[in-house]
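The next block holds one structure in the form of C-alpha cells; read it before the comments.
The values are calculated or read from the model by the stated rules, or taken from the named source; none is laboratory data. Everything numeric in this text was worked out from a predicted model, so none of it was measured. Neighbour counts are summed over all protein chains in view; Cβ atoms, including those assigned to glycine, are modelled from backbone coordinates with ideal geometry. Accessible surface areas use protein heavy atoms only, side chains included; no ligands, DNA or RNA. Shrake-Rupley method; radii C 1.70, N 1.55, O 1.52, S 1.80 Å.
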Amino acid sequence: MENIQCPNPVLKFSASELAVLPQALFPPRLPVEQSLTSGSLLPHLVTPSTALLLYPADMASVSAPAQAAPSPSAHLQRGIVKMVLSGCAIIVRGQPRGGPPPERQINLSNIRAGPMARRAAQGQPDTKDTPDEPWAFQAREFLRKKLIGKEVCFTVEIKTAQGREYGMVYLGRDTTGENLAESLVNEGLATVRREGIRGNNPDQARLCECEDQAKSAKKGQWSEGGGLHTIRDMKYTIENPRNFVDSLHQKPINAIIEHVRDGSVVRALLLPDHYLVTVMLSGVKCPSFRREPEGGETPEPFAAEARFFTESRLLQRDVQIVLESCPNQIILGTILHPNGNITELLLKEGFARCVDWSMAVYTQGAEKLRAAERSAKERKVRIWKDYVAPTANLDLKDRQFVAKVMQVVNADAMVVKLNSGEYKTIHLSSIRPPRIEGEEKNKDKDKRFRPLYDIPYMFEAREFMRKKLSGKKVNVMVDYIRAATGPGEGTPAFSERTCATVTIGGINIAEALVSKGLATVIRYRQDDDQRSSHYDELLAAEAR
C-alpha cells in the first residue's frame, strides 16, 4: 500500500474559540470528540494519563530514519481515528491543541487486506484506473463503520526506514478492547502474513488460528466464487453533470464523504452506484487553499480550521446529499446529517460566508443561512472578527421607526415625517426603478426629455407607490447609509442616502414593486454588506 503523507497544519484556534464549538454534529457515542465542545474540559485534554504520543514533539519521530526492526519499547498510545485508508491502514489524530491536530498513519501488523480502487493519475495518459481487489472495499467498510471518530489505542512494533509504522490497534482506551487485526482475519477480510511469523509470539499465533477458522467457515475471501461480486464499478466522471443532477429531482441520496478539500467542498461517494463526485455546499463559501505556481498551497485565514471543522464531523461518515443544481459543471448540494446541518454550523461559527449566486438553489431555507451568518457577525467570530455593521453608528430609534409618508418622490424614494416633526428622505434598499439602458438614457434637451413619462413603467411605478403610501404610516427599518459620491466619468453625483426596508400592513413595498416588474434588484459584490435585510426575498420575487 502506498505510504500516505499527512499534513500537520499549525494554524491555531484560541481557547475561547474551541469553547464554543457546537455539539450538534458530534454523535452522543463519541465522548472524546464531545469533550472538544466544552470549555470546562479544555484544561484536561492533555494529561500524563492520556499517554497520547500524537503531539508535535512526538511527530518528529515519525519521519526520523529507522531500520525495519521491532520497536525496543512498544508504548501504548492513543488517538482518534480520522480516516480508514484500507482494510489494514488507518489515520489517527491527536486532540486539538491551539489548532488542527497532528496526524499519523498506522498500518496493522502481520496482515494484508487488498488495495482499494485508484483513479489514474491526471495528465498521465499512459496510466489506467486500478480497480478494487476482491473484498478490499468490504474490509475498508468493516473498519470505517467501527472506527471513524472513535478512540483507539495502539502500539508501534515496526518502523521502516521510510517512516512507515506497523503495530497492533485496539478499539478503546486499552488492550482489553477489540483487536482489529484479529477481527478482520476472523471475518475473512484480511490474510495473515505468515512469512514474518515468530513461533513464540502469542498474538501472531492467534492470528493464524483466526485465519484457519475463517477458512473452515468459508468466510469472506475464503468463500466460493472468488469475490468478483465485491468489486465496485467506480465512476469517476459524469458525462452530463446537469442532466445527472436533474434526474435525481432533489431527492436525498446516500453517500460517504471520502475527502474534504476545504470547509465547503467535499468529495463524496454516491451509493449504491459508486459515483465519486465533488460537491460544493450550496449558499456558502469557506476560506480556501490557494495553489502556488511551484506546487504548494497557501491557506487563507481560517482555511485550515474550517477544513478541520468539517472533517471532524463529516469525513467518512454516512450522510445523505441533496444535489440541487449544476451551474458551469459545478455540482451544488446540501449535506444532511442526523445530528445537524453542516452548512448552517459553518456560518454560525464564522467559518463561512453566504454566497448570493448559489443561495437561490438552497432547498433548506435561505433565511436560516442569513440568520446563522448574522449571528456570527454580531459575535465577531473568526472571519468576522473585524466586522462593522452598516448601521453600527445609528441609535436604535434611528434604525427602526414609524413615520408618515408625505410625498412620493420617485419609484424608489419618498419623504416621510417623523414623530418629532422632522422630514426625512428614504430610499428603498437594493432596488432600482425603471430606466432606459444604453445610449437612450442620454437625454436630448431639445426633445424636452421627461423621465416620468418617457421611461417605460416609470410613471406606473411611482403611481403604485403614491396610491399605496401617500398620507399613510409605514414601518421603516434602515439597512444602510449610502455615502455621498462625487461626479465621475459617466456617473452623476449623489448626496448621502438613507436606504431602508419600508413595510405597510406586513407588505414589503420594495418586494411588491419587484414582483410586479416595476423595479429590478441590484447585484452586489460578494463582500458588500450594504444591502436590504430582505435581499433574498427580493431576488426570489424577481425570479418569479
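A few notes on this one:
- The Cα-based radius of gyration and maximum Cα-Cα distance (Dmax) for the stretch 79-198 are 15.4, 50 Å.
- Chain lengthening between residue 516 and residue 477 when straightened (0.36 nm per residue, less Cα-Cα): 11.8 nm
- Cα-based shape type of the stretch 249-322, given that a ≥ b ≥ c are square roots of the gyration tensor eigenvalues and the cut on a/c is 1.5: prolate
- Reachable lysines, given that their alpha-carbon falls under 27 Å from the alpha-carbon of residue 82 and they are not under 8 places away in the same chain: 12, 145, 146, 150, 159, 235, 285, 348
- Farthest toward positive dipole pole in the stretch 245-382 [+1 Lys/Arg, -1 Asp/Glu at C-beta], among 249, 336, 372: 372
- Cross-link reach list, lysines versus residue 424, counting only Cα pairs under 24 Å and skipping chain neighbours closer than eight places: 397, 404, 467, 468, 472, 473
- Within the straight-line cut-off of under 14 Å between alpha carbons, the aspartates and glutamates reachable from residue 417 are 398, sequence neighbours fewer than 8 places apart in one chain being disregarded.
- Take residue 454: with every protein chain present and a 1.4 Å probe, its accessible area is about 70 Å².
- When nucleic acids and ligands are ignored and a 1.4 Å probe is applied, residue 175 ends up with an accessible area of around 80 Å².
- Local charge for residue 339 was computed over the other residues whose Cβ lies under 10 Å away, with Lys and Arg +1 and Asp and Glu -1, and equals +2.
- Computed with every protein chain present, the accessible area of residue 233 is close to 100 Å² [probe 1.4 Å].
- Three-way shape label, the stretch 309-357, alpha-carbon gyration tensor, a/c 1.5: oblate
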